[in-house]
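The values are calculated or read from the model by the stated rules, or taken from the named source; none is laboratory data. Just so it is clear, the structure is predicted and the values come from calculations on it, not from any experiment. Don't worry about glycine lacking a Cβ; one is built from the backbone with ideal geometry, like all the others, and counts go over all protein chains shown. Heads up: the accessible areas ignore ligands, DNA and RNA and are worked out on the full protein's heavy atoms, side chains in. Shrake-Rupley method; radii C 1.70, N 1.55, O 1.52, S 1.80 Å.
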Amino acid sequence: MTTHYDTVIHGGRVVLFDRVQQLDIGIKGGVIAALGIDGLVSAEEKIDASGLVVVPGMIDAHVHLNEPGLPDWEGIPSGTAALAAGGCTTCIDMPLNGLPPTTTVAALKTKRGLFEGRSYTDYAFWGGLVPGNLAQLEPLAAEGVAGFKAFMSAAGGKQEGAFREVDDLTLYEGMKEIARLGKILALHSESEQIVAALSADKRRNGQLSARDYLESRPVYAEVEAVKRALFYSRLTGCSLHFVHISCPEAVEHIWQARREGQNVTLESCPHYLVLTEDALDEIGPLAKCAPPLRSEGEREGLWDAIGRGHIDMITSDHSPCPPELKTSSDWFEIWGGISGAQSSMELLLDEGYNRRGLALPLLCRMLSTNPARRFGLSAKGEIAQGRDADLALVDFTSYRLEREHLLDRHKQNPYVGREIGCRVKYTLLRGETVYNAANKMTSLAGGCHAYSSAGMVRK
Ligand SMILES: [Zn+2]
């Protein structure tokens, strides 16, 4: 008996959980229905993947798409189109910098409404923990946020109503409540006390260069905040996820806590793995982020941590802004955020596999499997029978990234001009092609789906 599939992806080298194998993938009803070695028969569409590597679609657990309330900023259609072009099929949107930020149920509902019919990827949402919104955490959890996000140092954005960092008591009380709700708290960990004091000193002395900015956010400010958060987590039993960890010392503190039984994970980002602090001079303001880019030693230490399996996931932390916010000569005024939505997978596979010989399954677990598991996206994260057919087809020949390849709104990607040793050719979301590099086409896959931590919310 022959089963007919809606689509068959034929002849690709497929990255499974723990190995790479040449397989055909049969897709039916948006789901991976079969993985076969003998040639599956399709009723509708056959995609020739010979010479390509087929990987699970990236789950980018850290993006800022800047809706609502910031019409000159990124936006959901452009931001998710860029994600799709980079092989991403699900994103989790941060509770800032939209206005209002996602710190109330009303704001969450507004944002969810804005995603409907306008997103090229599936999506889920972070809620925010800020001073004064403790009572909102339970209803936000009931509405299905993937978890909560808090800042331990000042968040960017000066507008009225913008997202505010937590004080220690809010952090402690918030963790108690989030533990009670069985959710995860994601933390931007830098010590506000240290960073604010060092920044004030610099500014008072008129020291406003890139180097001064770097010196205002030292590694010890990040490590101190990580250790303090781990302490409160021990007291409260709250599960933590550390976002954009930039130094191996913080990674190892987190792993020590994990060995001692704490429920804690961490992410790093391509910019900490590909660039160093020299990029602030070579590339300029597009390379400003917080925590800042670090030394080459820190960067290579992060790769060693990846090799040991100590970095759970890679996220873009796509944090775009209008171009005029990247122009000041005062580095403390420049917007801190890197626009890398489209480049995460290509950079990680190029730098990790091509240049450092790390195994593709390890890299794809960081891009897909681990975030799916951590944030409860059980239909996603792996190429396996029964999972959503969320796939990227990658060509391992190099190309030069040009500005016109980019689909995000302001195209301030710091990797423009870089030779990258692989390229996403197609992205499929639940079996439908949402991106095809040949014609730079993105298309909406019949209305994308919102996810809650409990699974897909089908409308
Ligand atoms: Zn961020």
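Taking the mean number of other Cβ atoms within 10 Å as a proxy for protection, how do you rank 169-177, 196-204 from highest to lowest?
Details: 169-177: 19.2, 196-204: 14.7.
Highest to lowest by the protection proxy: 169-177, 196-204.
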Original post:
When the Cα centres of the stretch 337-405 and the stretch 42-92 are compared, how far apart do they sit, in Å?
Top reply: 11 Å
**OP:** At 1.4 Å probe size, with no ligands or nucleic acids counted, give the accessible surface of L286 in Å², nearest ten.
**Re:** 50 Å²
Original post:
To the nearest 10 Å², what's F17's accessible area with a 1.4 Å probe?
Top reply: 70 Å²
Original post:
How far apart, in nm, are two points set 7 Å out from the Cα along the Cα-to-Cβ line at E282 and at K46?
Top reply: 4.5 nm
Original post:
How big is the stretch 92-251 on each of its three principal axes, counting only the C-alpha atoms and giving the largest first in Å?
Top reply: 47, 37, 29
Original post:
Once both labels are modelled 7 Å past Cα along the beta-carbon direction, what's the E333-D38 spacing in nm?
Top reply: 7.0 nm
Subject >> Extreme residue, positive dipole direction of the chain, given options L140, A150, L114 (C-beta unit charges) >> reply: L140
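What ranking of I59, I37 comes out by heavy-atom accessible area, probe 1.4 Å, highest first? Numbers along the way, then the final one.
Details: I59 0, I37 120 Å².
Reading off the accessible areas and sorting them downward yields I37, I59.
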Subject >> Kirkwood Rh, Cα atoms: Rg over Rh of the chain >> reply: 0.96
Subject >> Solvent-accessible surface (1.4 angstrom probe) belonging to R228, in square angstrom, nearest 10 >> reply: 50 Å²
Original post:
Roughly what would the spin-label model give for E252 and R403, points 7 Å off Cα along C-beta, in nm?
Top reply: 4.3 nm
**OP:** Quick one: order E44, E116, E404 from most to least accessible surface, probe 1.4 Å.
**Re:** E44, E404, E116
Original post:
If you take the charge dipole of the chain about its Cα centre, with +1 on Lys and Arg Cβ and -1 on Asp and Glu Cβ, which of I311, A82, A384 is farthest toward its positive end?
Top reply: A384
Subject >> trypsin sites (Lys or Arg not before Pro) restricted to the stretch 253-322 and DSSP loop, no more than 16 other C-beta within 10 Å >> reply: R308
Original post:
Between D201 and H4, what length comes free when the chain is fully extended (0.36 nm per residue of separation minus the Cα-Cα distance, one decimal in nm)?
Top reply: 64.1 nm
Original post:
What does a probe at L208 reach in the stretch 297-326, counting residues whose amide N is under 18 Å from the point 7 Å along Cα→Cβ?
Top reply: 324-326
